[in-house]
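K.L.:
So that we are looking at the same thing, I have put the structure below in structure tokens.
Throughout, read-outs are computed from the coordinates displayed, never taken from laboratory work. For clarity, every value in this text was computed on a predicted model and none was experimentally measured. Reconstructed Cβ throughout: ideal geometry from the backbone, glycine too, with neighbour counts over all protein chains shown.
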Number of protein chains: 2
Amino acid sequence: MATIDDVAKASGVSKGTVSNVFSRKRPISKEVTERVLAAAKALHYKPNYWARSLVNRSTRILGLNIRGESFQFGQFHLSLMNGVLRVCYEHGYRLLVNTLSPAYLSRVEHIASDPVDGEILLDPLEGDERIADRFHIGLPVVIVGRPPGPYEGKVSYVDNDNIGMAAQVTRYLLDLGHRDILFLNAPAGSTVSADRGAGYAAAFWQAGLEPKSGRMLYKPLQDSPSHAFGYESALAALAASPDVTAVIADTDTMALGVYKAAEQLGLRIPEQLSVFAFSDDSVLSPEFSPPLTGVRLHADRLGAEATRLLLEQLGTAEKSVKRVLVPSELVIRGSCAPPAPIYP
Amino acid sequence: MATIDDVAKASGVSKGTVSNVFSRKRPISKEVTERVLAAAKALHYKPNYWARSLVNRSTRILGLNIRGESFQFGQFHLSLMNGVLRVCYEHGYRLLVNTLSPAYLSRVEHIASDPVDGEILLDPLEGDERIADRFHIGLPVVIVGRPPGPYEGKVSYVDNDNIGMAAQVTRYLLDLGHRDILFLNAPAGSTVSADRGAGYAAAFWQAGLEPKSGRMLYKPLQDSPSHAFGYESALAALAASPDVTAVIADTDTMALGVYKAAEQLGLRIPEQLSVFAFSDDSVLSPEFSPPLTGVRLHADRLGAEATRLLLEQLGTAEKSVKRVLVPSELVIRGSCAPPAPIYP
DNA sequence: AAGTAGCATTAAACCGTTTTAACAAATTCT
DNA sequence: AGAATTTGTTAAAACGGTTTAATGCTACTT
């Protein structure tokens, strides 16, 4: 690989001049410019990214950090990443996807700071260490999802209105006449599951009702497939308590598991069991039979907004903290209906 | 951000010693080690990634390069990326997703070399400039898909057996009795569309038949949604020539468009029209009605194998060229059947 | 004619690491 | 005891760029 010195030597100028030819920071005479460009082309010279970043104190790279435990992308993450990539694409930034295994991280012990100008953190947990880490080294950060308590108001983030959304959904099911609703929630400890759980409960209270205890189940944090969790937990819960007439699932994949459980128990959807999902997949959901009623989260917009927020933060020195709520919409298809009347 | 000099000063040693404490390349006395570590922790010191990379001539970063025109990921790319990420994850590498817009690239003009140790190139085109670029600067490269002619045997790649696969599929449809098969192929100029087109034709010849001319359509390179292309081209073709009894679509999304066109024309699938897709989505396809017959491409395995090949190449100095073929399987569901007998 | 301003170029300093070569001090070998 | 080796540490030299300050020109004022 040719260096700037090679080019300088080949064209008979100093390396400072070569640098200026490329960056156009200072005017260089036409004649010299051409000579340098010719030499650079002949040598297949490209400036070294690291050396440049070192002195510029900036890579044009953004980081996307997904918690180490789950490196498997689902539809939501994919869609979100599409949004991130689109904005990166427009602004000439690259994206560094950062999913180092905890095993590897602990092995290396003294890991270097990430080579990014800023970072997007996904799926914040209550007591998430990642945020404190970034604060110490002064790395600009935007979070997708509500940050844990101590950091609210201290860091910019993008989120759906999870409390309101969960309340709306629960109210919808309550209005249909359901009284015993199983909620297969996101993993305990994540802020999103806390918010949705709160919204679920709030809707009951507001209707003058009380949610049955033991009806909120959390997906385990470890990589158990959503599909399996939906299937197994729905099967167990429905078999144990036939009063359950509706299920709210965290994802469409999980809902697919619920469909399977219903089929096995001989429960028809939606006549005997209503199923709802916090789904983001507009391709998949309509193809369920019956088509899955859910909510559109606009994951791509979450990603795009987060990226914009981050870029904005990079541009200005001031550390303004912003919060963006991306609206979500109930999409009613065919998987929810009033509960069957109880016959003797 | 604290530097190594700060730590050195704070603990009263030279920076070389600090470096050695972290890298363990040379033994440092226990006493000094502790003093340095304490100072580092107090200052929240983390080694600077760029400076380290500069002298090491290695980042532990792999690049994933998707052609600039299409930055929108589909199911195939997602799945593939999952495979790449998984292997990266295991080996302590990060992934740099590289989708800079051509507009931006041309604006910057003299772009620096990518800050990666090696790169995975997706969707090679006939006459793809990216490969030559990487060769000139000596960057290790693995391609997913068959590289264009001049580079066969010069660069490692991972691919499905697209020729064989397309031939197998076409034979399957011929055996069912179809004679006029519309092929909605990948964009012209991509090596994958060439291979599949060749397989399609080969199956006809081998059966002593001849493919009808004008029955192979290529998706435009620009970002026209697959869904729309499937819908529009199928609608036009089926309306113009009622002899067509089967359609091979490039992706499941495209097949969805074909389904829509069939519905609009009042054609029942599979009785009046057979539909097939080179699909990789094991979640989506079974949910079509009728479930979509297709082929499992194992995109994740393509990604994982490509990554392994690349890492292997990085480890050893020798430039061995390897080719890995990932098997694909016909998955017969419910969208293909013998053509309807022709009644007067 | 001398002073000043502007332009193109360069030598040297710098960015934050790792690595090399040198160097004492402590240990082991004849 | 003196030479040879080992051990722990350091100053200085990379790595490949950018930026600063200085320099030699030419052209323009006064």
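K.L.:
For B:Ser213, go 7 angstrom from Cα along the Cα-to-Cβ vector, then report the distances to that same point in the other copies in nm, smallest first.
P.N.:
So the label point of B:Ser213 gives 8.0 nm to the other copies.
K.L.:
How high is the FRET efficiency from B:Arg57 to A:Ser29, r the C-beta distance, R0 41 Å, rounded to 0.05?
P.N.:
Details: r = 34 Å, r/R0 = 0.84.
That pair, B:Arg57 with A:Ser29, gives E of 0.75.
K.L.:
Can you give the charge dipole size of the range B:4-55 about its Cα centre, rounded to the nearest 20 debye, using +1 on the beta carbon of Lys and Arg and -1 on the beta carbon of Asp and Glu?
P.N.:
That gives a dipole near 180 debye.
K.L.:
Return the average number of partner chain Cβ atoms within 10 angstrom of each residue Cβ along peptide B:111-123. Write down the numbers at each step before the final one.
P.N.:
On the way: counts 4, 11, 9, 3, 10, 2, 0, 0, 0, 0, 0, 0, 0.
Across the residues of B:111-123, the mean count of other-chain Cβ atoms within 10 Å is 3.
K.L.:
With the contact rule set at Cα under 8 Å and sequence spacing of 6 or more, what percent relative contact order holds for chain B? Can you show the working numbers first?
P.N.:
Details: 592 pairs, mean separation 59.5, N = 344.
Contact order relative to length: 17 percent.
K.L.:
Taking 8 Å as the Cα distance limit and 6 or more residues as the minimum spacing, I'd like the relative contact order of the range B:138-281 as a percentage.
P.N.:
Details: 220 pairs, mean separation 30.8, N = 144.
Reported as a whole number, the value is 21 percent.
K.L.:
Only Cα pairs under 8 Å and at least 6 apart count here; give the relative contact order of the range A:217-344 as a rounded whole percent. Let's see the in-between values first.
P.N.:
Values: 184 pairs, mean separation 31.2, N = 128.
About 24 percent, as a whole number.
K.L.:
Taking a temperature of 10 °C and a viscosity of 1.306 mPa s, what whole-number D in µm²/s does Stokes-Einstein yield for the range B:162-296 with Rh from Kirkwood over alpha carbon pairs? Before the final figure, lay out each step's value.
P.N.:
Numbers: Rh = 14.5 Å.
D, rounded to a whole number, is 109 µm²/s.
K.L.:
In addition: Please figure out what share of the DSSP beta bridges in the range B:244-340 is antiparallel and state it in percent, rounded to the nearest 5.
P.N.:
Working: 3 of 9 bridges.
The antiparallel fraction comes to roughly 35 percent.
K.L.:
For the protein assembly as shown, what does the alpha-carbon gyration tensor say about shape, rounded, prolate or oblate, given a ≥ b ≥ c as the root eigenvalues, a/c under 1.5 as rounded, and a/b over b/c as prolate? Walk me through the numbers on the way to the answer.
P.N.:
Details: a/c = 2.21, a/b = 1.21, b/c = 1.83.
Judged from the Cα gyration tensor, the protein assembly as shown comes out oblate (a/c at least 1.5, b/c at or above a/b).
K.L.:
About the Cα centre of the range B:223-283, how large is the charge dipole given +1 on each Lys and Arg Cβ and -1 on each Asp and Glu Cβ? Please answer in debye to the nearest 20. All intermediate terms of the calculation are to be shown ahead of the outcome.
P.N.:
On the way: 2 positive and 9 negative charges, 47 e Å.
In debye, rounded to 20, the range B:223-283 gives about 220.
K.L.:
Calculate the dipole size of the range A:162-296 relative to its Cα centre from +1 charges on Lys and Arg beta carbons and -1 charges on Asp and Glu beta carbons; express the result in debye to the nearest 20. Each step should come with its number before you reach the end.
P.N.:
Details: 9 positive and 14 negative charges, 52 e Å.
It comes to approximately 260 debye.
K.L.:
Report the label-to-label distance for A:Asp133 and B:Leu325 in nanometres (one decimal), using points 7 Å from each Cα along the Cα→Cβ vector.
P.N.:
So the label points at A:Asp133 and B:Leu325 sit 4.3 nm apart.
K.L.:
Another question, then. Would you mind putting B:13-23, A:142-152, B:319-329 in packing order, based on average other-beta-carbon counts within 10 Å, highest first? Before the final figure, lay out each step's value.
P.N.:
On the way: B:13-23: 17.6, A:142-152: 20.4, B:319-329: 14.1.
The peptides rank, most packed first, as A:142-152, B:13-23, B:319-329.
K.L.:
A follow-up question, please. For B:Gly266, place a label point 7 Å from Cα along the Cα-to-Cβ direction in every copy; what are the distances to the other copies, in nm, shortest first?
P.N.:
4.1
K.L.:
With viscosity set to 1.306 mPa s at 10 °C, what whole-number translational diffusion coefficient in µm²/s follows for chain B from Stokes-Einstein and a Kirkwood radius over Cα pairs?
P.N.:
Values: Rh = 23.0 Å.
The calculation lands on 69 µm²/s.
K.L.:
Using a cut-off of 25 Å between alpha-carbon atoms, which lysines can reach B:Lys25, once sequence neighbours fewer than 8 places away in the same chain are excluded?
P.N.:
Straight-line reach from B:Lys25, under 25 Å: B:Lys9, B:Lys15, B:Lys41, B:Lys46.
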